[in-house]
Amino acid sequence: IFFIGTLFFVPFILISFATTLVFPLWSSFLCALLGAILAGTSGYLAGRLFPIESFFKSHRNGKEKFVKSVQKNGFCAIAILRVSPTPPFTVTSLLAGGLAMPYLTYIKGSTLGVLPVLVLTQLAGTQFLNVAKNPSYLSLSLLIALILGAYFYKLEKNRRVTQFNMKENLKDYLQ
């Protein structure tokens, strides 16, 4: 499911959330974690087959920044990309493979990066099922709190990405 879903750019968060609707909490968490590792590995291997230049035809400046960050500290770069809302899961895997990042560095960073997302989606999915099965003010409040937390998390991440891009663009402009 994860391999096919990420291959067609289905958001990783949706696939992880869906596992909680099918399996009990710990089973769905392990299934989602294993699925993330396998999907990331398949994307990484596909990236090894394609030249990296094909990913950056129109974004030369983006290529240089990405290559520098991966070469400087690949583990942290991949972990941060996995936690951030952009780029898509598959793109990160393809690029890491295309840059020939060492596989163990990639998979460790990728696994660490998806853990917070997995925990949030697993908790949200479980709480969603609790509200559906046993509606109460407490279970509904917890679900709303999780949704608001995820929403504000995404807003903060987008704000930081925008702020970072503005600083980088200013640096490029001044040079």
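The values are calculated or read from the model by the stated rules, or taken from the named source; none is laboratory data. Please read all numbers here as calculations on a predicted model, not as lab measurements. So basically every Cβ, Gly included, is an ideal-geometry build from the backbone, and we count neighbours across all protein chains shown. Remember, those area values only see protein heavy atoms, side chains included, never the ligands or the DNA or RNA. Shrake-Rupley method; radii C 1.70, N 1.55, O 1.52, S 1.80 Å.
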Review point. Fully extended, how many nm does the chain gain between residue 72 and residue 159 (0.36 nm per residue separation, minus their Cα-Cα distance)?
Key: 28.9 nm
Review point. How many nm separate the modelled label positions at residue 138 and residue 151, each set 7 Å beyond the Cα in the direction of the Cβ?
Key: 2.4
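Order 72, 133 by their accessible area, 1.4 angstrom probe, all chains in place, largest first.
Correct descending sequence by accessible area is 72, 133.
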Practice item. Convert each backbone phi in region 110-122 into a coupling constant with the Karplus relation 6.51 cos²θ - 1.76 cosθ + 1.60 (shift: θ = phi - 60°), then list the ³J(HN,Hα) values in order as whole Hz, x for Gly and Pro. Key: 5, 5, 4, x, 7, 4, x, 5, 4, 4, 5, 5, 5
Review point. Once phi is turned into ³J(HN,Hα) by the Karplus curve 6.51 cos²θ - 1.76 cosθ + 1.60 with θ = phi - 60°, what whole-Hz value does each residue of region 17-28 show in order, with x for glycine and proline?
Key: 4, 4, 5, 6, 7, 9, 10, x, 3, 5, 5, 5
**Study point:** region 85-136, accessible surface, carbon-and-sulfur percent (1.4 angstrom probe)
**Key:** 74
Review point. Under a plain spin-label model, where a point goes 7 Å from the Cα along Cα-to-Cβ, how far apart in nm are residue 45 and residue 80?
Key: 3.0
